[in-house]
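Have a look at the structure below, then the notes.
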Amino acid sequence: MTLAQEKPAVSATVDHPLEPLTPDEIATAVAIVRQEKSLKTRFRFATVTLHEPIKETVLGFQPGDTIEREAFLILLDNATARTYEAVVSISSGQLKSWEHIPDVQPPIMLDEFVECEAAVKASEEFRAAIAKRGITDPDLVMVDPWSAGNYGIADEQGVRLSRALCWVKANPTDNGYARPIEGVIPVVDLNKMEVIRVEDYGVVPLPPKDGNYTTEYVKEYRQDLKPLEIVQPDGPSFNVKGHEISWQKWKIRIGFTPREGLVLYTVTYTDQGEERPIFYRASLAEMTVPYGDPKPYHYRKNAFDVGEYGIGSLANSLKLGCDCLGEIYYFDAFITDSRGDVAQIENAVCLHEEDFGILWKHMDWRTEHTEVRRSRRLVISFIATVGNYEYGFYWYFYQDGTIQYEIKLTGMVSTAAVMPDEVPKYGTLIAPQLNAPIHQHIFNVRMDMSVDGPNNSVYEVDIVPEEDEHNPYGNAFYAQSTLLSSEQGAQRTIDPMKGRYWKIVNPAKTNAMGYPTAYKLMPGENTLPLARPDASVIRRATYMTKHLWVTPYSPDEKYPAGNYPNQHPGDVGLPEWTQADRSVEDTDVVVWYTFAHSHSPRAEDWPVMPVATIGFMLKPLNFFDENPANDVPPSPKNHGSKHACCG
Ligand code: NI
């Protein structure tokens, strides 16, 4: 089996076991699999990522230790429609495992986007369908390869499908999303890369109005905007070594996968000389965007942008435009195209600092002595474009130990055309005959917690009024903590009227006052999925039905809707694992938080949508002995101009 004699193994050039695969390592991993399995070109490489070492190896790692490098690959054989998983030792040049995974579909790959569009445009049946709508130039058509879901339809089983949605531009620079080709769905076999059929639900005229927003089209800009510069004369306050970031008391290691995009590892905060862990690994583990329109050509719109498309593989190169101000450090990401060639996303991850208003303040009203500190946060982010939509993913680290996760939603709303007299119930008219269907964006972040060490417990905290017998004046209320001891009981939803939050506690560690050290998970905006319990998307993304799930750590349990959600019938991932009702008390726990944004589009979301945000916070809860940001120095006195104010 070994290739060591034939091919020199790549010696590890990285200095930590969690460093992402280098371009050389990716190329070596692909070459080893190709050679060992004599792969033909019909194989696609869906993902090639670091096969993460076990936790003990990572946590016990000392600089200078030998690092064994392994890659994990998902491959698709276009000829047989079979999916394989492989593990390769890059260090020894060996293929360690090769397994056929039956009845699954890897995510739709970026190359397939391009090839699918070409196949649709070449289809005579499709050309005939668009000709009926007065469209004669297929070059102006945009084909977005939407995932097909799973509706138990017999002749779809085992076929790698896209049900593409199409739009048409008026000219090459026009925003095509202004003109949906309504009612035409080319159904494409992505293995054969050919159109199986074109579904046609009847002609709806193209909406009449353009929807352009680029500089080429905006003829008049507001004139009253003066420059606002962020100046960091001594550079930023962070240090970067490989993919490890140090910033004040924080230490964060990052990675990047084609599926999840940005991954955080081994996040610690140094307190009184001690480097204290908070979590081991955190990433966006799944997201689902169910649409609410029951029309026959709309009811199957449910994009799983992580598991069905690979949100990391769709990351923007921020070379092409980055909205961050100040001193910026960029990380490149290295993935593969579907043929296994190394693909570089230059400047995929942005690292910078932001001034964030006031951190704390007090004025002694007798003496007028005032102490005020400005807050600064460290921002680690990336932005992905999924067809029409943009998602920005931001981790923020604050000086007081707070961690925040925020998703910014922007780009183009998904559009549909309606008849001239139609007022849509399941959407909003954003231009004449242009409907933006109602939908939800539902996200799940997996957090492998390690608050002050691996063994943690999770409590639900509600702020509740006291019972009458202990409440003579009626004013009493308190924070009531309930241990969530096993998986079934730890499936919870938010309750804003009780100020509900969850705390992740280390039962073996206490702060100066004797409280167990903890971080609390504070929900932000949230809601539940609106699809009926028996809807296909609920079965496929059951994780959406609870805001909190807690599981004991298992290295194989990484994705809440299963490893292969594309076209999967469901009942896998969190609902499957948690049936065992394993204990999650005083053990290595993984916390899964689901958060949902219901989007009933507005006129103001067109032609390009201003950012909407959603996310959550993790705040230290008796983790420290006192405000850890007490030692943040005052800002220089002469900071800013005479016009400067506070806040
Ligand atoms: Ni939306």
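The values are calculated or read from the model by the stated rules, or taken from the named source; none is laboratory data. All of these numbers come straight from a predicted model, not from anything done at the bench. Reconstructed Cβ throughout: ideal geometry from the backbone, glycine too, with neighbour counts over all protein chains shown. Heads up: the accessible areas ignore ligands, DNA and RNA and are worked out on the full protein's heavy atoms, side chains in. Shrake-Rupley method; radii C 1.70, N 1.55, O 1.52, S 1.80 Å.
Scanning region 598-623 for residues that are open to solvent by less than 50 Å² (accessible area, probe 1.4 Å), more than 14 Å from the ligand (Cβ to nearest atom) and assigned to a strand (DSSP E or B) yields a count of 5. Within region 94-132, the set of residues being crowded, with 19+ Cβ neighbours inside 10 Å, farther than 24 Å from Gln567 by Cβ and among the charged types (D, E, K, R) is empty. Remark: Ile358 falls outside the filter, which requires a residue to be within 16 Å of the ligand (Cβ to nearest atom) and more than 30 Å from Asn78 (Cβ to Cβ).
Is one or more of the residues making up region 59-72 closer than 17 Å to Asp337 by Cα, assigned by TED's automatic domain parsing to the domain that holds Thr47 and of a type outside the set (Lys, Arg)? The answer is yes, given that some residue of region 59-72 is closer than 17 Å to Asp337 by Cα, assigned by TED's automatic domain parsing to the domain that holds Thr47 and of a type outside the set (Lys, Arg). Per the conditions (1) open to solvent by less than 20 Å² (accessible area, probe 1.4 Å); (2) within 20 Å of His597 (Cα to Cα); (3) not in a strand (DSSP E or B), the sole criterion not satisfied by Gly401 is (2). Among the conditions (1) under 21 Å from the mean Cα position of the chain (by Cα); (2) away from the ligand (no atom under 16 Å from the Cβ); (3) open to solvent by 10 Å² or more (accessible area, probe 1.4 Å), Leu378 misses just one, which is (3).
Would you confirm, using the coordinates I've provided, whether Gly401 is at pLDDT 95 or above and within 16 Å of the ligand (Cβ to nearest atom)? Explain how you work it out, then say what you get.
On the way: at pLDDT 95 or above: yes; within 16 Å of the ligand (Cβ to nearest atom): no.
Answer is no for this residue.
So, in region 404-416, of the ones that are more than 11 Å from the ligand (Cβ to nearest atom) and open to solvent by 10 Å² or more (accessible area, probe 1.4 Å), which residue ends up farthest from Lys361 (Cα to Cα)? That would be Lys408.
A quick yes/no check of all residues on (1) more than 30 Å from Thr13 (Cβ to Cβ); (2) open to solvent by 30 Å² or more (accessible area, probe 1.4 Å); (3) without any contact (Cβ under 8 Å) to a residue 40 or more places away in the chain:
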residue	(1), (2), (3)
Glu244	no, yes, no
Ile252	no, no, no
Leu264	no, no, no
Val267	no, no, no
Thr270	no, yes, yes
Pro277	no, yes, no
Val289	yes, no, no
Ile311	no, no, no
Asn316	no, yes, no
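Evaluated against (1) farther than 23 Å from Glu194 by Cα; (2) hydroxyl-bearing (Ser, Thr, Tyr); (3) in contact (Cβ under 8 Å) with a residue 60 or more places away in the chain; (4) surrounded by fewer than 15 Cβ atoms within 10 Å (Cβ to Cβ), Ser91 falls short on exactly one condition, (4).
Just a yes or no: is a residue in region 589-597 within 30 Å of Glu460 (Cα to Cα), among the aromatic types (Phe, Trp, Tyr), within 16 Å of the ligand (Cβ to nearest atom) and in the same structural domain as Asp400 (by TED's automatic domain parsing)? Yes, there is a match, as at least one residue in region 589-597 is within 30 Å of Glu460 (Cα to Cα), among the aromatic types (Phe, Trp, Tyr), within 16 Å of the ligand (Cβ to nearest atom) and in the same structural domain as Asp400 (by TED's automatic domain parsing).
Tyr299 satisfies every condition listed in (1) outside any loop (DSSP other than H, G, I, E, B); (2) more than 20 Å from Gly453 (Cα to Cα); (3) not charged (D, E, K, R) except (1).
Scanning region 302-338 for residues that are outside any loop (DSSP other than H, G, I, E, B), of a type in the set (Phe, Trp, Tyr) and either under 19 Å from the mean Cα position of the chain (by Cα) or modelled with pLDDT under 95 (or both) returns Tyr330, Phe331, Phe334.
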